[in-house]
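Heads up, the thing below is written out as structure tokens.
The values are calculated or read from the model by the stated rules, or taken from the named source; none is laboratory data. In this text, all values refer to a predicted model and were calculated from it rather than measured experimentally. Counting neighbours? That spans all protein chains shown, and the Cβs are built from the backbone with ideal geometry, glycine included. Calculation scope for accessible area: heavy atoms of the full protein, side chains included, ligands and nucleic acids excluded. Shrake-Rupley method; radii C 1.70, N 1.55, O 1.52, S 1.80 Å.
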Amino acid sequence: QVQLVESGGGLVQAGGSLRLSCAASGSIFSINTMGWYRQAPGKQRELVATIPGDGSTNYADSVKGRFTISRDNAKNTVYLQMNSLKPEDTAVYYCKADLWHTIHSSQRFGEFWGQGTQVTVSA
């Protein structure tokens, strides 16, 4: 069983900062890409940032220069440092991991999502 647990969301004023964390646990063999997505009320879930196993990064245009994604492979954890937050960043933020996990001594590939953490930015 694999679980992703997010933390670090909350309420912040515009211009402020938050740091999200997402730790993966369970019968994990290896993790490929990890990423953050967000979903605002009435909108579709959208990509925020991703970081493959080689450490390269990919960002949505709306967060470039303000958000930084990083990962600690030893801890199976991905982070999202969010600076210069804007009211339009308000959403539920979800982490995602594409990983190999072990089931009955066999490795299976799957996509796993966290439960989401609320980020609210006030004007």
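Could you tell me which of the residues G26, G55, G65, G15 is at pLDDT below 95 and at positive phi?
Values: G26 fails: at pLDDT below 95; G65 fails: at pLDDT below 95; G15 fails: at pLDDT below 95.
That would be G55, the only listed residue that is at pLDDT below 95 and at positive phi.
Name every residue in segment 10-22 that is open to solvent by 40 Å² or more (accessible area, probe 1.4 Å), assigned to a strand (DSSP E or B) and not polar (S, T, N, Q), in order of residue number. Before the answer, list the steps.
As a first pass, look at segment 10-22 and keep what is open to solvent by 40 Å² or more (accessible area, probe 1.4 Å): 11, 13-15, 17, 19.
When the remaining residues are screened for being assigned to a strand (DSSP E or B), the result is 11, 13, 19.
Correct list: L11, R19.
Which of the following residues is over 16 Å from K86 (Cα atoms) and in contact with a helix residue (DSSP H, G or I) (Cβ under 8 Å, 6 or more places away or on another chain): A49, A23? Explain how you work it out, then say what you get.
Working: A49 fails: in contact with a helix residue (DSSP H, G or I) (Cβ under 8 Å, 6 or more places away or on another chain).
Residue meeting the stated conditions: A23.
Is it true that Y59 is among the aromatic types (F, W, Y) and closer than 18 Å to L4 by Cα? Break it down stepwise before answering.
Details: among the aromatic types (F, W, Y): yes; closer than 18 Å to L4 by Cα: no.
Spelling it out, it is not the case that Y59 is among the aromatic types (F, W, Y) and closer than 18 Å to L4 by Cα.
Could you list, in sequence order, the residues of segment 76-119 that are charged (D, E, K, R) and in a strand (DSSP E or B)?
Applying the first criterion (charged (D, E, K, R)) to segment 76-119 yields 86, 88-89, 96, 98, 108, 111.
Hits for segment 76-119 are K96, D98, R108, E111.
What's the total number of residues in segment 66-86 that are hydrophobic (A, V, I, L, M, F, W, C) and more than 15 Å from G16 (Cβ to Cβ)? Before you say what the answer is, go through the steps one by one.
So the first thing to find is which residues in segment 66-86 are hydrophobic (A, V, I, L, M, F, W, C), and the list is 67, 69, 74, 78, 80, 82, 85.
Among the residues that remain, those that are also more than 15 Å from G16 (Cβ to Cβ) are: 69, 74, 78.
Summing the residues that are hydrophobic (A, V, I, L, M, F, W, C) and more than 15 Å from G16 (Cβ to Cβ) in segment 66-86 gives 3.
Find the residue count for segment 44-75, including only residues that are surrounded by fewer than 12 Cβ atoms within 10 Å (Cβ to Cβ) and part of a strand (DSSP E or B).
Matching residues across segment 44-75 total 1.
Anything in segment 97-116 that is in contact with a Ser or Thr (Cβ under 8 Å, 6 or more places away or on another chain) and surrounded by fewer than 21 Cβ atoms within 10 Å (Cβ to Cβ)? List them, or say none. Full working, then the answer.
To start, the set of residues in segment 97-116 that are in contact with a Ser or Thr (Cβ under 8 Å, 6 or more places away or on another chain) comprises 97-103, 108.
If the condition is that a residue be in contact with a Ser or Thr (Cβ under 8 Å, 6 or more places away or on another chain) and surrounded by fewer than 21 Cβ atoms within 10 Å (Cβ to Cβ), then D98, W100, H101, T102, I103, R108 are the ones that fit.
Under 9 Å between Cβ atoms, which residue pairs at least 6 apart in sequence (or on different chains) link something in segment 107-123 that is among the acidic types (D, E) with a partner that is exposed (fewer than 13 other Cβ atoms within 10 Å of the Cβ)?
Qualifying pairs under 9 Å: none.
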